[in-house]
1. How do 17-26, 42-51, 70-79, 83-92 rank on mean C-beta neighbours within 10 Å, highest first?
2. Roughly how many nanometres apart are two label points built 7 Å out from the Cα toward the Cβ at residue 19 and residue 52?
3. Count charges around residue 28 for me, please; just the other residues with Cβ under 12 Å from its Cβ, Lys/Arg as +1, Asp/Glu as -1.
4. Would you calculate, for the chain, the mean residue ellipticity at 222 nm contributed by helices, counting each DSSP H stretch of 4 or more residues as -39,500 (n - 2.57) and dividing by all residues, to the nearest 500?
5. Please work out the Cα convex hull volume for region 2-88 and give it in Å³ per residue.
6. Check which residues have an amide H placed less than 5 Å from residue 60's amide H, if you skip close sequence neighbours.
7. Using Cβ counts within 10 Å as a stand-in for footprinting exposure, how do 53, 94, 6 rank, fewest first?
8. Share of antiparallel DSSP beta bridges in the chain, in percent to the nearest 5?
Amino acid sequence: MTENVKLLSIDHVPENIDIREVLGVVYAARPVTMGLTAIEEEIEALLDKLKHKAASKGANMVIGLRIDVQRVVGAGVEWALLLVYGTAVKAESKKT
């Protein structure tokens, strides 16, 4: 189901795509300890979670995708808060 959800980080929708319905914001977040976890793997896991959330709303695309990484230092431990978010939509290719 989630393999059918496309992620677009661009702010505009390509001319060959029609947005049929805007379903709202979807997001996924996770704090991770720096050094113990590969950030890239964590981001991939969050993107999969984002796709699942979008698909559960009936979306087949997320537009305006953003990935935010905030560094947090405290109590001798360095953390990163990872956040991915975008707008879930139902979209289809324009017929020419």
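Every number here is computed from the coordinates shown, using simple stated rules; none is lab data. What you see is a predicted model; the values in this text were computed from it and never measured. Positions of Cβ are backbone-derived with ideal geometry, glycine not excepted, and every protein chain shown enters the neighbour counts.
1. Details: 17-26: 13.9, 42-51: 17.8, 70-79: 9.4, 83-92: 19.4.
Peptide ranking by packing, descending: 83-92, 42-51, 17-26, 70-79.
2. 2.6
3. Details: positive: 30, 49, 51, 53, 66; negative: 42, 44, 48, 68.
Combined, the nearby Lys, Arg, Asp and Glu give +1.
4. -6500 deg cm²/dmol
5. Spelled out: Cα convex hull of region 2-88, divided by residues, is 92 Å³.
6. Excluding prolines and chain starts, which carry no amide H, the hits are 89, 90, 91.
7. Details: 53 19, 94 10, 6 16.
Placing the least packed residue first, the sequence is 94, 6, 53.
8. On the way: 27 of 30 bridges.
So the antiparallel bridges amount to about 90 percent of the total.
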